[in-house]
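Read the structure below first, then the notes.
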Amino acid sequence: MLSFKKEHSVPFPKSHEILKKLEKQNVILAINSNRFTDSIETFMDKFFGDIDFILIRGHDFDCPSKPDPCGVNKIIKKAGVGLDEILYIGDSNTDIKTAQNARIDCVIVKWGYGNQNDWENEYILECIDDFSQILKYF
């Protein structure tokens, strides 16, 4: 496991609470990122260790990075669900393109790496500025 010294990193407001609510509703949760998997797992253990993610897919050498849908496709296969049962939540144009390439719905959040162009992209279902807004999709 790699060591990551990012003492100032904290979860986005309401993220733990909302993810716990989704988990209690039996929503399958997963992560697809271009960060290295070890880095993601370090932060997940620290802040979300009590939440069960079916799969955490970071940048690995066996799978091209986003916007290639490889990571998402591995999550879909493991979850055993149809494309119409998936909602991809991201924060940037890369996430929008990843969802498009995987042929799944996408919601974008206003925090993170995105910008006005991403928030107005015609492909997304919605752009949200509060994580609790995601609950209406489940």
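Annotations
- In the set Ile51, Ile104, only one residue is of a type in the set (A, V, I, L, M) and within 15 Å of Phe131 (Cβ to Cβ); that residue is Ile51.
- Single match in Val107, Val72 (criterion: closer than 16 Å to Ser15 by Cβ and of a type outside the set (Lys, Arg)): Val107
- Of all residues in the stretch 124-138, those satisfying the criterion of being surrounded by 12 or more Cβ atoms within 10 Å (Cβ to Cβ) and part of a loop (DSSP other than H, G, I, E, B) are Ile124, Leu125, Asp130.
- Subset of the stretch 82-117 [acidic (Asp, Glu), open to solvent by less than 60 Å² (accessible area, probe 1.4 Å) and not in a loop (DSSP other than H, G, I, E, B)]: Asp95
- Residue that is farthest from the chain's Cα centre (by Cα), among those in the stretch 88-132 that are of a type in the set (Ser, Thr, Tyr) and closer than 21 Å to Val27 by Cα: Ser132
- Per-region count, the stretch 58-75, residues of a type in the set (D, E, K, R), in a loop (DSSP other than H, G, I, E, B) and open to solvent by 50 Å² or more (accessible area, probe 1.4 Å): 2
- Subset of the stretch 6-57 (residues that are part of a loop (DSSP other than H, G, I, E, B), without any contact (Cβ under 8 Å) to a residue 60 or more places away in the chain and basic (Lys, Arg)): Lys6
The values are calculated or read from the model by the stated rules, or taken from the named source; none is laboratory data. Predicted model only: the values in this text are computed from it and were never measured. Positions of Cβ are generated from backbone atoms using ideal geometry, with glycine treated the same way; all protein chains shown enter the neighbour counts. Please note that ligands, DNA and RNA were not included when accessible areas were found on the heavy atoms of the full protein model with its side chains. Shrake-Rupley method; radii C 1.70, N 1.55, O 1.52, S 1.80 Å.
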